[in-house]
Amino acid sequence: MKTRLPLVLAAAALLAACAHAPPQQRSPIAQWEPSPNFDARRPMLIVIHATEEGSAEQALHTLRTANSGGPVSAHYLVGRDGTIYQLVDDADRAWQAGAGRWGTITELNSASIGIELDNDGESPFAQAEIDALIRLLDDLCTRLGIPRDAIIAHADLAPARKRDPGFRFPWKQLADAGFGKWPQGPLVDPPPGFDPWMALRVLGYPLEIDASPGYADTVRAFHRHYRGDENDVLDAEDARILHALTRLPAPAATP
């Protein structure tokens, strides 16, 4: 019996692994002729959320059950103390972004990784939480090949519905660590004819789905991200920021 025990254990382990393997998505009416020319679907963006709940434990419960709108989830939750929880595999589609748009991407759940931050939506973010978020962003961008400037707010993609992570989120600190878009160098007045609305579209903001007067919802989302307030009217400083964010870099000097 002793000589057969390792074989029995190995067979049991193999059966257990098979029991948890995802089903293969193949048509029963087609002949399977596999090609090696494919790869896994890859996320292109990271969406930052705030839980707007009282604790990480409460948020974990919600993300594993439902909120008032139905079942919800995210790939990760970062606690105020810096603990990082993973709830959904990176390769799977978490139910986190909902309806919205960013640039030409209209199905954000399929194209993004969602990160929830334990925050009530009003309080400053704990430094331990931001430090952990930066570590997580570095890991995700390195492993999954996500561009390091492709980090947006939930409110950016759905400005009429969402406000998170809110105007207190430290986007500049993320930019200093190499993540997200942020204006570089001194801000200068844009050239004559500069169109701030077109610049918002170039960044990815969904003006096409913003029915608010004067695109107030989109402007408010932009202000939360780049001005740290919730004003809903574009001004001259916004034009300078948008120009800095969308202008092409100067060509390299010829040696």
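The modelled label-to-label distance for the pair Tyr85/Val202, using points 7 Å beyond Cα in the direction of Cβ, is 4.1 nm. For the chain, the membrane-span-like helices by this rule, meaning whole DSSP H stretches whose C-alpha atoms cover at least 20 Å of axis and whose Kyte-Doolittle mean is 1.0 or above, are 5-20; this says nothing about an actual membrane. Here the chain is assigned +1 on the Cβ of each Lys and Arg and -1 on the Cβ of each Asp and Glu. Its dipole about the Cα centre then comes out at about 960 debye.
By DSSP, the beta bridges lying fully in the chain are antiparallel in about 30 percent of cases. For the chain, relative contact order (Cα pairs under 8 Å, six or more residues apart, normalised by length) works out to 18 percent. Which FRET efficiency value, to the nearest 0.05, is calculated for His61 and Arg135 with the Förster distance at 22 angstrom and r the Cβ-Cβ distance? In this case the efficiency is close to 0.35.
Shape class of the range 45-176 from the Cα gyration tensor (axes a ≥ b ≥ c, square roots of the eigenvalues): rounded, since a/c falls below 1.5.
Under the shape rule built on the C-alpha gyration tensor, where the axes satisfy a ≥ b ≥ c, the range 196-246 is oblate, since a/c reaches at least 1.5 while a/b does not exceed b/c.
Exposed loop sites are taken as GluC sites (Glu not before Pro) in a DSSP loop (any state but H, G, I, E or B) with at most 15 other beta carbon atoms within 10 Å; the longest stretch of the chain without one runs 123-229.
A short reminder: the numbers here are calculations on the coordinates, not readings from a lab. This structure is a prediction, so every number in the text was calculated from the model and none was measured. All Cβ positions, even for glycine, are placed from backbone atoms using ideal geometry, and neighbour counts span all protein chains on display.
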